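The values are calculated or read from the model by the stated rules, or taken from the named source; none is laboratory data. From a predicted model like this one, the values you see are computed outputs, not experimental measurements. Please note: Cβ atoms are built from the backbone with ideal geometry, for glycine as well, and neighbour counts cover all protein chains shown. Just so you know, the surface numbers come from the protein's heavy atoms only, side chains and all, with ligands and any DNA or RNA stripped out. Shrake-Rupley method; radii C 1.70, N 1.55, O 1.52, S 1.80 Å.
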Amino acid sequence: MRVPLRGPRSPAWRAWIRWTAGFLVFPLAGLAGRAVAGPVDDPTSALLGGVVTGAVIGAGQALASSRRLSLPRWAAATAAGSGLGLLLGAALAGYRTDLGSLALMGAAEGALLGAAQACALPHTARLRWLWAAAMPVLWAAGWTVTTLAGVGVDARFTVFGATGALTFSALSGALLHRLLPAPVPGRTTGPHSLREVAA
């Protein structure tokens, strides 16, 4: 007798934990951006550092997305949005590193980053404009949390530190699930949705 058994489920909280754990890529991305462009203290370093940092973050997020995001599209959109956004944000903040200036820089970068990423969301995404609207707030929150945590923001990194990244990833992960729910293997009809066990 063959008995169909449902495969292991991938509940929403597991997808959220995986996305949130992706915060670990942010410090690596910041180091990569700084290695290539140095501290963010002029337009060239802001643009180049932002592009490199965004490419690393985008690739890491796509890998942590439980196959909901296209790695090439998401990495490219994040690189472009981060590069242009950091260029704009740093200029608006006058390359200052006080709390207000970094929050302003984060909001400006988040606006361009959110718009670029919203365009890279899959066609099945619901209310993608919410992602674009949330990124200025969440990116500014990342810089705010990092600054309040006492991280050395005077070093002018291209992205906020691990504490801000953890906050950002946890909040953005909840939003991503609302816009683009993770697939549940038990509800699909693909080859991995059912297993047959001979008895």
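Checking each residue in segment 62-83 for being open to solvent by less than 30 Å² (accessible area, probe 1.4 Å) and either aromatic (F, W, Y) or more than 20 Å from A107 (Cβ to Cβ) (or both) picks out A62, A64, S65, S66, R68, L69, W74, A75.
Under the condition of being open to solvent by less than 40 Å² (accessible area, probe 1.4 Å), part of a loop (DSSP other than H, G, I, E, B) and either modelled with pLDDT of 90 or more or of a type in the set (S, T, N, Q) (or both), the residues counted in segment 140-199 number 5. Restricting the search to helices (runs of 4 or more DSSP H) fully inside segment 6-119 and requiring at least 3 residues that are basic (K, R) and without any contact (Cβ under 8 Å) to a residue 60 or more places away in the chain gives an empty result. Listed by first and then second residue, the pairs linking a residue in segment 146-157 that is within 17 Å of A90 (Cβ to Cβ) to a residue that is part of a loop (DSSP other than H, G, I, E, B) and of a type outside the set (K, R), with Cβ atoms under 6 Å apart and 6 or more places separating them unless they lie on different chains, are T146/F160; T146/G161; V153/T97; D154/T97; R156/P39; R156/V40; R156/D41. Of the numbered criteria (1) at negative phi; (2) at pLDDT below 95, the one A116 fails is (2).
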